[in-house]
Amino acid sequence: MAILEGKGLSINFGGLQALSDVDFSVEEGEIYAIIGPNGAGKTTIFNCISRIYRPDTGYIEFHGQELLKKRISDISKLGIARTFQNIALFKHMTVLENLLLGCHSKLRADVLSAGIFYGRAVKEELRIRERAEEIIDFLEIEHTRKSVVSLLPYGIQKRVELGRALVSKPKMLLLDEPMAGMNVEETEDMARFILDIQEEMGTTILMIEHDMGVVMDISDQVCVLDFGKKISEGKPKKIREDPVVIKAYLGEMTEDEGNG
Ligand SMILES: Nc1ncnc2c1ncn2[C@@H]1O[C@H](COP(=O)(O)OP(=O)(O)OP(=O)(O)O)[C@@H](O)[C@H]1O
Ligand SMILES: [Mg+2]
């Protein structure tokens, strides 16, 4: 069953057609990768899903609900969480503080609904702390929980950002280049965590990634964009062999595989 569906998405930025009539359909529980050269429109799709951009045409449904009619603040409540191409963390704060903030909007709502029942609010706070500690264990970053984020290696910061997105127990995770800037070992760790999130938490994952080795290894479906248009979609094997993809993209694929 499709959990997320986009139909006929187009968006133009002052004459630049960033997306042209793009369709996609993500099945519940799968890892769906969006690939394509720089500027192809990948992040723009994420920004449409998270309601940062409003597409000129088309619609997006999540669990049958029309996302474009929702407010930005409703997106996380529906169970969609994301990471950003450039790490979006409070860098002067500790890992634990950042993870607790991942639940901030949820906590506020819960505290409000708890009204004056202080005891219930305290319990809620404890539950969130427990969840943050669970994620810290899961991502194997116990040793960093009290560390200030800016002082941590880049690969660990990316892992913390993934953790921040996971604290709210999302049904769907949008990962914008989770392996970017990582060394081989960090990339392998990240790939393993993404697979574990899919398998152990049952989370559906929509992932933009340039590392073709990883994409072909862990994705169930791949969508290829080029100049704002979807040029191919299918299982990794089909994408690898698709002459249209090879023509648009082979240079980059070969280079990345060679490196990784
Ligand atoms: N807010 C904006 N205003 C103007 N142009 C934009 C805006 N957002 C994106 N674009 C343009 O739309 C095109 C697609 O951008 P997008 O960020 O989606 O590419 P991408 O596929 O994620 O590329 P990369 O691999 O480099 O991250 C680019 O040409 C970009 O400059
Ligand atoms: Mg991008």
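Quick note: the coordinates plus some simple rules give every number you see, no bench work behind them. Please read all numbers here as calculations on a predicted model, not as lab measurements. Don't worry about glycine lacking a Cβ; one is built from the backbone with ideal geometry, like all the others, and counts go over all protein chains shown.
Using the 10 angstrom Cβ neighbour count as an exposure proxy, how do Asp176, Asp242 rank, fewest first?
In order of increasing Cβ crowding within 10 Å: Asp242, Asp176.
Determine which residues of segment 168-201 fall in the zone a paramagnetic label at Ser150 would reach in this model, i.e. backbone nitrogen under 19 Å from the point 7 Å along Cα→Cβ.
Under cut-off, by backbone N: nothing.
Calculate the FRET efficiency for Glu199 and Ala2 from the Cβ-Cβ distance with a Förster distance of 35 Å, rounded to the nearest 0.05.
After rounding, the FRET efficiency stands at 0.95.
Under a 10 Å cutoff between Cα atoms, tell me which one of Ile52, Ile136, Ile156 has the largest fluctuation in the Gaussian network model of the chain.
Fluctuation is largest for Ile52.
What number, rounded to the nearest 500 deg cm²/dmol, is the helix-based mean residue ellipticity at 222 nm of the chain, given -39500 (n - 2.57) per DSSP H run of at least four residues and division by all its residues?
-13500 deg cm²/dmol
Using a Förster distance of 41 Å, how high is the FRET efficiency between Asp217 and Lys123, based on the Cβ-Cβ distance and rounded to 0.05?
The pair Asp217/Lys123 has a calculated efficiency of 0.45.
How would Asp220, Asp56 line up from fewest to most surrounding beta-carbon atoms within 10 angstrom?
Asp56, Asp220
About its Cα centre, how strong a charge dipole does the chain have in debye, to the nearest 20, once Lys and Arg get +1 and Asp and Glu get -1 at the Cβ?
Here the chain has a charge dipole of around 1300 debye.
Using the Karplus curve 6.51 cos²θ - 1.76 cosθ + 1.60 with θ = phi - 60°, what ³J(HN,Hα) values do you get for each residue of segment 130-146, in whole Hz, with x for Gly and Pro?
Taking θ as phi minus 60°, the curve returns 4, 5, 4, 5, 4, 5, 4, 5, 4, 8, 6, 10, 3, 5, 10, 4, 9 Hz for segment 130-146.
Which of Ile52, Leu139, Ala33 sits closest to the plus end of the dipole of the chain, meaning its Cα is farthest towards the positive end, when Lys and Arg get +1 and Asp and Glu get -1 on the C-beta?
Farthest towards the positive pole: Ile52.
What ³J(HN,Hα) values, in whole Hz, does the Karplus curve 6.51 cos²θ - 1.76 cosθ + 1.60 give for segment 66-81 when θ = phi - 60°, with x put for Gly and Pro?
Residue by residue, segment 66-81 yields 6, 5, 5, 8, 8, 7, 3, 5, 7, 4, 6, 5, 6, x, 10, 10 Hz.
Sequence-distant or interchain residues sharing an amide H contact under 5 Å with Ile34, placed H: which?
Sorted by chain and number, the residues that satisfy this are Met207, Ile208, Glu209, Cys223.
Go through Gly163, Ile205, Leu195 and say which Cα lies farthest out towards the positive end of the charge dipole of segment 129-218; charges sit on Cβ, +1 for Lys and Arg, -1 for Asp and Glu.
Of the options given, the answer is Gly163.
What FRET efficiency, computed as 1/(1 + (r/R0)^6) with R0 = 30 Å and r the Cβ-Cβ distance, is obtained for Asp137 and Ser73, rounded to the nearest 0.05?
Approximately 0.55, to the nearest 0.05.
Which whole-Hz couplings ³J(HN,Hα) result when phi for each residue of segment 22-29 is put into the Karplus expression 6.51 cos²θ - 1.76 cosθ + 1.60, θ = phi - 60°, listed in order with x for Gly and Pro?
Result, ordered by residue: 8, 10, 8, 9, 10, 7, 4, x Hz.
For segment 2-259, evaluate the Debye formula with one uniform point scatterer on each Cα (no solvent term) and list log10 I(q)/I(0) at q = 0.10 Å⁻¹, rounded to two decimals.
-0.51
What residue among Ser219, Ile128, Phe84 has its Cα farthest toward the positive end of the dipole of the chain, where the charges are +1 on Lys, Arg and -1 on Asp, Glu, each on the Cβ?
Checked the options; the winner is Ile128.
Longer than 20 Å from Cα to Cα, which of Lys123/Lys158; Lys123/Lys169; Lys70/Lys171; Lys42/Lys229; Lys42/Lys230; Lys77/Lys229 are they? Say none if no pair is.
Lys123/Lys158; Lys77/Lys229
Under 10 Å, Cα contacts only: if you run a Gaussian network model on the chain, which one of Met172, Met93, Met190 comes out with the highest mean-square fluctuation?
Met93
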